[in-house]
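Quick note: the coordinates plus some simple rules give every number you see, no bench work behind them. Just so it is clear, the model here is predicted, and its values are computed rather than measured. Quick reminder, even Gly has a Cβ in these numbers, built from the backbone with ideal geometry, and neighbours come from all protein chains shown.
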Protein chains: 2
Amino acid sequence: MSASIKKTSGVPLAEMTYQSLREDILNNVLSAGEQILEKELGERLGVSRTPVREACVRLEREGLVDIKPRHGIRIKPISINDMAEIYQVLTALESEAARILAARDLSAAQIERLTRPTMAMEQAMKEDDREAWAASDESFHLALVELTGNQRLLDLVLQFWGQAHRARYCTLYIRPKPTDSTRDHVAVVDAICLGNAEKAAEIHRIHRVKGKEAMLSLLEKHRFNQL
Amino acid sequence: MSASIKKTSGVPLAEMTYQSLREDILNNVLSAGEQILEKELGERLGVSRTPVREACVRLEREGLVDIKPRHGIRIKPISINDMAEIYQVLTALESEAARILAARDLSAAQIERLTRPTMAMEQAMKEDDREAWAASDESFHLALVELTGNQRLLDLVLQFWGQAHRARYCTLYIRPKPTDSTRDHVAVVDAICLGNAEKAAEIHRIHRVKGKEAMLSLLEKHRFNQL
DNA sequence: GAATAAATTAATGTATGCACTAATGTATTC
DNA sequence: GAATACATTAGTGCATACATTAATTTATTC
């Protein structure tokens, strides 16, 4: 839906526009390949072109849209190749995160930020609740990166998850049950706790690579060439 | 210098403004911590605030400036902690690149894109030409990432090199001679050619970690807290 | 009727103006 | 002289108007 934005508080319109557009892209309200003129976007939200422009510049740098000079803002479709790129980047960043954490002494509370989502995944699997599973999975991966304390690492992972979000959602219900995801996560946490950096990174790498392969073959099989 | 921008061709002013500002930041024409008003920036380049704004939004997302609502654009200083973060990210991305390449069969021409800069480094070292050495080093690392064909990986590495650029330059002449850099590069290329992904990634990791440690201790020693 | 040229439209890139508000300065009070 | 209230300034956020130019349509020629 995304009706007109209310000028609630001291939050700049450009910021609200950005948030709103981002939401709509991630949730497929604005679907891939769609092209919308700046004016239309402005009208849709009840703001002028200026904040729309600013939002779009940000979204473009974030990899979610392309600005095509006379044809409006194009919601960037994710091809299979894009997906491969994105997963490669995530693999690099996250497995490095696992490595970093393994070299640290994490507190019990910190470890729990990893184990709790993992248990939640297990539970969600039992109940066959894929959305809950996906959310918990996301929590785990996010916690992994957050715990490193490296803000840039976190920002990047968030950015790239954003790019992959639509595709992940589209395949959530047609993919095979992610049975060994939980096992992988447990193994990563174990390696981290044991301080085995190499192993933690390696397990996580393989986990991610498996995920990538599964995703790509799914996209190919279902001819999801552009999401 | 960076005098007024000429409206050369079909290139948008916002783009030229962005390029110009980015250059000036990387080359320390605009130095770290400096705060400049939108109006001033506009006057400096002979453009209105609109393109300046657009450029700044981009630069902010790129991590080069902060926009501080009533105090202008602040050239983001790089702290030691920032530097550590940046190197961690680069380590993750580049060592993954090495791993990816090792899993491929590279052509002779492709290999040469790695070996040539390495030889140039060696040569520059002999002549004690640090600038040339740095440029060749950069070429090597760039080629490594470019060869993967992963555009996102490349963009990220370029972005983070950008953030680290000032600090690298500032320390170029006070750092000890980078004697074993060449050896590391050769070893990485060897591992890649042998198809030993694990080893290629590992060597490159260690190469980067060494670089990071050297850089950080240098920054600490010279009290470069904000670059 | 097809092809080219001219004219029109429309979307963006840029400049500008206004309103809002944080920051600063001044005045008043005690 | 310090503190608070008030007035002033100045920078930005946003809307809007204008200029530019790609795209499209119409007109003209063969």
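Each copy carries a label point for A:LYS68 at 7 Å from Cα toward Cβ; from one copy, the others' points are 4.2 nm away, ordered from shortest. Report the FRET efficiency, 1/(1 + (r/R0)^6), for B:GLU40 and A:VAL11, where r is their Cβ-Cβ distance and R0 is 22 Å, rounded to 0.05. Rounded to the nearest 0.05, the efficiency is 0.25. Kirkwood radius for chain B, taken over all pairs of different Cα atoms as the inverse mean of 1/r, rounds to 18.9 Å. Here segment B:111-196 is treated with +1 on each Lys and Arg Cβ and -1 on each Asp and Glu Cβ, and its dipole about the Cα centre works out to around 220 debye. Note on segment A:79-227: dipole from Cβ charges, positive end direction compared against A:ALA135, A:ALA102, A:VAL89; the farthest Cα belongs to A:VAL89.
Placing unit charges on the Cβ atoms only, positive for Lys and Arg and negative for Asp and Glu, gives segment B:53-178 a dipole magnitude near 500 debye about its Cα centre.
Once the convex hull of all Cα atoms in the protein assembly as shown is built, its volume per residue stands at 174 Å³. Working note: 222 nm ellipticity from helices only, DSSP H runs with n ≥ 4, each -39,500 (n - 2.57), summed and divided by the residues of chain A, gives -22500 deg cm²/dmol to the nearest 500. Counting only other chain Cβ atoms within 10 Å of each residue's Cβ, the peptide B:150-156 averages 5. Dipole magnitude for chain A: about 600 debye, using +1 per Lys or Arg Cβ and -1 per Asp or Glu Cβ, origin at the Cα centre.
Calculated FRET efficiency, B:LYS126 to A:ALA132, Cβ-Cβ distance, R0 = 60 Å: about 0.45 to the nearest 0.05. The lysines within cross-link reach of B:LYS177, meaning a Cα-to-Cα straight distance under 30 Å and a gap of 8 or more places when in the same chain, are B:LYS76, B:LYS126, B:LYS199, B:LYS210, B:LYS212, B:LYS221. Computed extension length for B:GLU213-B:ARG183: 9.0 nm, one decimal, from 0.36 nm per residue of separation with the Cα-Cα distance subtracted. Each copy carries a label point for B:LEU172 at 7 Å from Cα along the beta-carbon vector; from one copy to the others these points are 5.0 nm apart, nearest first. Along the Cα-to-Cβ line of B:SER79, 7 Å from the Cα, sits a label point; which residues in segment B:205-220 have backbone N less than 20 Å from it? What the label zone holds, given the 20 Å backbone N cut-off, is B:212-220.
Legend: translational diffusion of segment B:108-209 by Stokes-Einstein, Rh = Kirkwood radius over C-alpha pairs, 37 °C, 0.692 mPa s; D = 231 µm²/s. Take each residue of peptide A:88-99, count the partner chain Cβ atoms within 10 Å of its Cβ, and average: the result is 5.
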